[in-house]
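The values are calculated or read from the model by the stated rules, or taken from the named source; none is laboratory data. Nothing here was measured: the structure is a model prediction, and the numbers come from that model. Here the Cβ positions follow ideal geometry from the backbone for every residue, glycine too, while neighbour counts run over all protein chains shown.
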Amino acid sequence: MPFKTVTRESEGFLEDRKSRFLAYLVPVDRFDLRLEELRKEHKKANHIVTAHRRLMNDGRIEESGKDDGEPAGTSGMPTQRVLQGAELINCAVLVVRYFGGTKLGGGGLARAYSGAAQDAINAAELVPFQKMITRTISADFASSSELERRIAALGLKVVTRAFTEDGVTLTVEGPEEDLAALQLS
């Protein structure tokens with residue numbers, strides 16, 4: 001199953017019986033910082049519910065949904081299921097709730113939080129997920145310029161260059177498929 005991800009934040013909104021739900025879909029590496037910003041920005045909000053999905057190096061998916069004081073299972077898990085259903089990886093949703101005075105009940109909360117999250121996903125520019133890896137590649141001096149040309153042609157990033165007596169050792173970062181193509185050619 002091909003995963004999708006986001007490279008920049010998108011926002012969603014839902015209102016139900018005067019409760020307002022502001023959703024933010026962010027790349028997972030911005031999750032902690034964005035949560036901190038939202039807590040400062042929305043001091044009067046009743047809850048900030050979160051959910052995330054992250055691909056670990058060993059291929060497992062780490063995911064969670066936090067209710068932030070809402071009744072257990074009514075907000076974090078439904079929000080996480082929206083991420084799963086959209087086949088998103090390496091992203092997080094943060095939903096800020098302002099209570100409108102009317103209790104929504106368990107089902108109403110689940111629909112509201114998941115609806116706000118879905119609205120943020122609908123507003124997002126989804127891109128195909130590519131697993132980024134780092135490899136070290138060595139070449140002698142005679143082959144080094146050809147290696148650098150192939151790296152540039154594949155759009156890979158040279159992280160470090162170390163020159164030795166025998167040639168050069170490059171640490172290269174990029175999508176797993178492109179690094180495999182580099183080593184095959």
Inset, instruction - Specify the residue that is nearest to residue 3 (Cα to Cα); the eligible residues are those in the stretch 132-185 that are of a type in the set (Val, Ile, Thr), assigned to a strand (DSSP E or B) and in contact with a helix residue (DSSP H, G or I) (Cβ under 8 Å, 6 or more places away or on another chain). - result: 133
Inset, instruction - Please determine, by comparing only the residues of the stretch 89-110 that are out of contact with any helix residue (DSSP H, G or I) (no Cβ under 8 Å at 6 or more places or on another chain) and over 20 Å from residue 38 (Cβ atoms), which one is modelled with the highest pLDDT. - result: 89
Inset, instruction - May I ask you to verify whether residue 102 is surrounded by fewer than 17 Cβ atoms within 10 Å (Cβ to Cβ) and in a strand (DSSP E or B)? - result: no
Legend entry - Selection status of residue 121, closer than 21 Å to residue 3 by Cβ and either surrounded by fewer than 16 Cβ atoms within 10 Å (Cβ to Cβ) or among the aromatic types (Phe, Trp, Tyr) (or both): no
Inset, instruction - Assess whether residue 23 counts as being of a type in the set (A, V, I, L, M, F, W, C), over 16 Å from residue 82 (Cβ atoms) and buried (at least 16 other Cβ atoms within 10 Å of the Cβ). - result: no
Inset, instruction - With a cut-off of at least 1 residues that are in contact with a Lys or Arg (Cβ under 8 Å, 6 or more places away or on another chain), without any contact (Cβ under 8 Å) to a residue 24 or more places away in the chain and surrounded by fewer than 17 Cβ atoms within 10 Å (Cβ to Cβ), name the strands (runs of 3 or more DSSP E) lying wholly within the stretch 40-99. - result: 61-66
